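One structure below.
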Amino acid sequence: MPDIITCFKWAVDEADIRPQASGEVALDRVGYKISEYDRNALEAAAQLKEAHGGSVTAITVATPAAKKGLKDALSRGPDRACFVNDAAFDALEPAQTAALLAGVIRDRLPFDLILCGEGSSDLYAQQVGPRLAQELGIPCVTYVNRITLEGSTLLAERKLEDGIEVVKVELPALVTVLPDINTPRIPGLKDTLEASKKPVQSVGPGEAGGEFPARLQTVALRATSMERRCVRFPADDAGIRELVEALRKSGAIG
Amino acid sequence: MDFRLTEEQELIRANIREFCQQYLDPIAVEIDENSRHPQEVFDRLAEMGFMGMPYPQEYGGAGTDFLTYAMVVEEISRSCAGTGFTFSCHTGLGTGPIYEYGTEEQKQKYLVPLCKGQKWGAFALTEPGAGTDVNAATTVAVADGDEWVINGTKTFISQGTFADIFIVFARTDPAAGPKGISAFIVTKDNPGLKVGEHFRKMGIRCSQTAEIILKDCRVPRSDMLGKEGNGLRMAMASLDNGRIGIAAQAVGILQAALDESLKYASQRIQFNKPIGRQQAIQWMIADMATDLAAARHLTYHAATLKDQGLPYTKEASMAKLFASEAAMRHASKAVQIHGGYGYMKGQKVERLLRDAKITEIYEGTSEAQRMVIAGNVMR
Amino acid sequence: MMAGIWVVAEHADTALELLTPARQVADSLGGPVVAVWLGRQEAPPLFAHGADEVLVCTHGGDDQPLEAQVPVLVAEALQAQPEAILVGASLRGREVAARMAAALGTGLGSSCVALRVRTDGLVEMDRLVFGGRAVQTVVCTTRPQMATVAPRTFSPAPPVEGRSGTVRTLPAPPPSPVTVVERKPKPAVSGDVAGARVVVCVGRGMEREEDLEMARRLADILGGEVGCTRPIAEEYHWLPEHTYIGLSGQQVKPELYIGIGVSGQIQHVIGITDARVIVAINRDEKAPIFEMSDFGIVGDLYQVVPRLVDELTRALGK
C-alpha cells in the first residue's frame, strides 16, 4: 500500500506563445495547464493506487494563481493536494523548485514513491525530478515508460537512446515518467465535481525550511520566428551541404 | 450579468473539449457520410457521467446546473453538431419530462437508466399534419380497463430508430382541444409500436430520425406521464428547455465556423499574403465573432434563468432564434472564406452549413420563436 | 581557486564535440580542459582532440547503471573545483548532470544549443523552450557553471598530432541502489507519421513507386517516417491511407518535415503548419511549398535526394 507523491507544474500553455513584432515573448496573455508530462505522472500514480491501494498526494510549487490547477490535478485521481505557494514563485528555476519540494516533503509528507514527469512542457529543463531525489537522498530512476510494483520493490523500464534498460530499486525512490507510459484519463464529470471536496494543504515559503536562492538567471527570452524563413539553396553539392548545416543549426537534426 | 465560468465549469469545458478532439473529431466526417449513430462515443460519455448530467445524483445524474449542461452541448456540437443534438435531445426532451412530471415509480424505472445512459429516450410529439401547429395532432389514446390504447403516426422522431423509451403525446379527450392531450411512456418492446426507416437528411446526419407508428399500442395506466389533459402544457415547457439545447448547439456551430475561418484565413495565401490580411475577410470574421458572443450570452442567460427558477420561455426562444440564424449566416460566410475548398465534401465548413440549417427548424421554427417572443413582449 | 573546464560524456562523438566549446571557454577563462570519460567502451583519442587531462570512470558489474558514477563525479568536482562543467545531453547525461548540480549546489542550463563566454566570465547558454517557440538565454550565477549540451550542437574538435597527457582512473563508485536487471536493444521503429519527429513526405513529383525507397532511406537516416500527399495514397495507392498528410488526413507536427516533389496545395499544407522546420525539394520554382518552407532547394529530386542522403550520412556520422 504505497504512499505516492506526484509532482506537477502549472505551466504556461506553449500553444499560446506568440512572437511579438519586437521578438519578445509576451507572457501576460497566455493560458496555463498542467504540464503535459505531469499528467502522465498523475495517471501513473492513479493506476498504481488502483492496483495496490495506498494514497496519492499531488504537490505543486507555484504562485497563488495556480489554485485553479489544484482542482484539475485532483480530478485526475489524487486523494489530496499540497500547494506550496507564494507570489514570488512566478519564475523559479529548477534548483529552487526542487529545493522547495524537498523542504516540504521532508518535513510533512511521508512517502514511498515520488513520481514526476520527465520534464515540464514549458521550460523542459528535466532537472526537478533528479534534483529532488538528490536533495532527499533517495534513488532516482529517470525516463521510465513502465512501472511494476512488487511489495517494496519497484521494477522500471527506462527508454533510452540505445534501447530499454530494466532496473530494480527498493522504495523509497523517485521515478520520472515518459509520455508513452500511459494515456492520461480525461476526468469524468464526477471526478471534476468531487475534486472540489478533496483536502488541500497550503504551505508558504517560510514553512518550507531554508533558503532557496536562484542559481540560474534568465538573461533573455526571445521568440523563435514563426514566419517561415524561405531560404533557398542551390541544387549542387555546396547547396546541399549548406542545407544540412542550416538544419543542424536550427536543431532539426541531431 | 456575469457569465464568468467557475473553476469547475472551466475544467468541465476543457475536459469535454479534449474528449471531443480525441474521440469525436476523428470520426465526424465518417458518421456524417454514413449517417451513423456513434454509440461508442455515447458509451464513453455515459461512463464519464455526462448523460443525464443536469439531473440529481439520486436519479443517476451528476446534479450540475443547466448552464454547465448547455456548455457541454455547445462543445460537443463544436466538434459534431449531430452528436451534440443527439446528446441534447436525449437529455432535454427524452429525459426531462420524466424528471419534471414523472411519479417516483416512473423515475426509478425510466429516469435512472436514461440518466445513466443505459437507455435512450425520445420525444414523440410531431405528426405528419401537426408540426408547429401542435394542437392539430390526431394521435388518439382511448381508455380500456387498466390500459390506454394509442393509435396514430409520429414523424421526425429523433433517436427514433434506437430509443428505448418514447414519450408519446396523444389526444385523450377529443372535445377538449389543447387541454385534451396527454403524455404516455411507451417502451420499444411494446408490440403496438413500429419504428420506420430512418430518414436521410441534409445535415446532422448522424442523428437518427424516424417515423413511428402506434397501432393499438396498449400502455398501462401507470405509464401515463403527468396529469391527464396536461400533455400540451408539458410539451411546451419541455420545448422551452429543449430550445436552450438547440441554441447551445447553434453556438457550437458558430464557434466551429469561427475556428475554421481563423485557421484558414491565416494559412491560405493569395496575392502573396494570408487572406486574413484582406479587410474583406477581417470584416466577415469580426461579424462572426460578435454574433458568436451575442448568441452565447443569450443562451447562457436563458440557462441561468432556468437555474434560478425564473421564467425563461421568452429568453430561450430569443436565444434559439438568434443563435440558429447567426449559425446559418456565418456557416455560409465560413464556406465563403474557404472559397472553392469550402464547397468540397469532407470539409468541416461544408458540414457546418448543412448542420446549421436544422437549428432554424426543429424544436420550433424561427417563425414559431418569433410568435413566442411577440406573444411575450406584446401582451 | 576555480580551475579548468570539464567535459563529461558517455559517447565518443559527443565527447569530441564538447571539446570544441570547452577549448573556447578555457581560452577565455583559463585553466585546463579536463575530459571525463563516462562510457564503458574505450575512450576516444581525447588528448588529440584537445583535452589536457583525461579522467576515466571505473565501472562496476553489468548490473550497475552509468548513473552510479554520480557520487564519484561529485567528489572529484568538489576536489578539483572546475569553473565549468559541460555534460553531453544524452538521457543518462541529463540525469547525471542534474544530480551533480544538486549535489554541488549549482545551476544547470539544460540541453543548450549555443554557448557564449561573456567578458565577466559567465557563460551564456541558449536553450529552446515552449516547445521550440522561444529561446531562453541563461547564465549560471554559482560555480561550477554547468550545462548539458545537445549532441551535434558543435562540430568535433579537430585532432592535433602529437598531443598527449595523463590519464587518471577515478575510483570505483559505491554500489548503486538502482540495479540493471535487463538491457533490451532498441527495436526497429515503424509507421506512425503523426507522432514522428521527422517526416519525409512524398508528393506527385515522384515518378515511380519503386522510388519510394529513396524517401525511405532519407527517413531512416533521420530516424523519421515516410508520409505522402493525398494522391499518392488515394490515387496511386503507393502508401497506406493513414500516411497521407493534410486537411482530411494526418496533421503532423514534427521537428523536421522534408517535402520531396510536394507542390504545396493548401489541403496538404494545412496538415504541416505545426512542423517546426519545413524543407522543400521541388523542380518547380513556382511551387507554393517554397513560400511556406524554411529551406528549399529548387531542383530535380532524383538528383538532390541521393546527395542529401550522402551528406546527412556524413554529417550524422552514420
On C-alpha positions alone, give me the angle between the axis of helix C:91-104 and the longest principal axis of chain C, in degrees, nearest 10.
40 degrees
In deg cm²/dmol, rounded to 500, what helix-only [θ] at 222 nm does chain B give when every DSSP H run of at least 4 residues adds -39500 (n - 2.57) and the total is split over its residues?
-15500 deg cm²/dmol
Using +1 at the C-beta of Lys and Arg and -1 at the C-beta of Asp and Glu, which of B:369, C:268, C:106 has the Cα lying farthest in the positive direction of the dipole of the protein assembly as shown?
B:369
For the protein assembly as shown, the Kirkwood Rh over every pair of distinct alpha carbons, in Å, works out to 31.2 Å
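Treating only the Cβ atoms of Lys and Arg (+1) and Asp and Glu (-1) as charged, compute the dipole magnitude of the range B:219-317 about its Cα centre; round to the nearest 20 debye.
Dipole magnitude for the range B:219-317 comes out near 160 debye.
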How do C:313, A:97 rank when sorted from fewest to most other Cβ atoms within 10 Å of their own Cβ?
C:313, A:97
By the Cα gyration tensor axes a ≥ b ≥ c (a/c under 1.5 gives rounded; else a/b larger than b/c gives prolate, otherwise oblate), the shape of the range B:68-131 is oblate
Under a GNM of chain A (C-alpha, springs under 10 Å), which listed residue has the highest mean-square fluctuation: A:135, A:227, A:165?
A:227
Comparing B:79, B:35, B:88 in a Gaussian network model of chain B (Cα, 10 Å), the one with the largest mean-square fluctuation is B:35
Give, as a single signed number, the net charge of other residues whose beta carbon lies under 11 Å from the beta carbon of residue B:142, with Lys and Arg counted +1 and Asp and Glu -1.
-2
For C:111, B:158, A:196, order by how many other beta-carbon atoms lie within 10 Å, fewest first
A:196, C:111, B:158
Under the Karplus curve 6.51 cos²θ - 1.76 cosθ + 1.60, θ = phi - 60°, whole-Hz ³J(HN,Hα) for the range A:178-188, x wherever Gly or Pro sits
8, x, 7, 5, 6, 10, x, 5, 8, x, x
Expressed as a rounded percentage, what relative contact order does the range C:198-315 have, with Cα pairs under 8 Å and six or more residues apart?
24 percent
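Can you sort B:300, C:302 by how many other beta carbons sit within 10 Å, fewest first? Present the calculation step by step, with values, prior to reporting the outcome.
Details: B:300 23, C:302 15.
In increasing order of surrounding Cβ atoms, one gets C:302, B:300.
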Cα-based helix-to-principal-axis angle, B:279-307 vs chain B, degrees rounded to 10:
30 degrees
Selected from B:272, B:151, B:15 as most flexible by GNM, with chain B as the system and alpha-carbon contacts under 10 Å
B:272
Simple Cβ-charge dipole of the range C:198-315, Lys/Arg +1 and Asp/Glu -1, about Cα centre, in debye nearest 20
200 debye
Within the range B:323-379: Cβ-based charge dipole about Cα centre, in debye rounded to nearest 20 (Lys, Arg +1; Asp, Glu -1)
140 debye
Decide, for the range A:123-172, between rounded, prolate and oblate: order the square roots of the alpha carbon gyration tensor eigenvalues as a ≥ b ≥ c, take rounded if a/c falls under 1.5, and otherwise choose prolate if a/b is larger than b/c, else oblate.
oblate
If one takes the longest principal axis of the Cα atoms in chain A, at what angle in degrees, from 0 to 90 and to the nearest 10, does the Cα axis of helix A:94-108 lie?
0 degrees
Convert each backbone phi in the range B:64-76 into a coupling constant with the Karplus relation 6.51 cos²θ - 1.76 cosθ + 1.60 (shift: θ = phi - 60°), then list the ³J(HN,Hα) values in order as whole Hz, x for Gly and Pro.
7, 7, 6, 4, 4, 4, 4, 5, 5, 4, 4, 5, 5
What are the ³J(HN,Hα) couplings of the range B:38-44, residue after residue, when phi is run through the Karplus curve with 6.51, -1.76, 1.60 and θ = phi - 60°? Round to Hz, x for glycine and proline.
x, 4, 4, 5, 6, 4, 5
Given pairs B:357/C:286; A:197/B:306; A:9/B:119; A:198/B:263; B:273/B:320; A:197/B:263 and cut-off 31 Å on Cα-Cα distance, the over-length ones are B:357/C:286; A:9/B:119; A:198/B:263; B:273/B:320; A:197/B:263
Over chain A, the quotient of the Cα radius of gyration and 2.2 N^0.38 Å is 1.12
Rel. contact order, % - alpha carbon contacts under 8 angstrom, at least six apart, chain B
17 percent
Tail weight of P(r) past 29 Å, computed on alpha-carbon pairs of chain C, percent:
48 percent
Counting helices only, and only those DSSP H runs with n ≥ 4, report the 222 nm mean residue ellipticity of chain C as the sum of -39,500 (n - 2.57) divided by its residues, in deg cm²/dmol to the nearest 500.
-7500 deg cm²/dmol
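The numbers here are math on the coordinates, done by the rules we state, and not lab data. Note that the structure is a prediction, hence the values are computed from the model and not measured. Here Cβ is always computed from backbone atoms with ideal geometry, including for glycine, and neighbour counts include all displayed protein chains.
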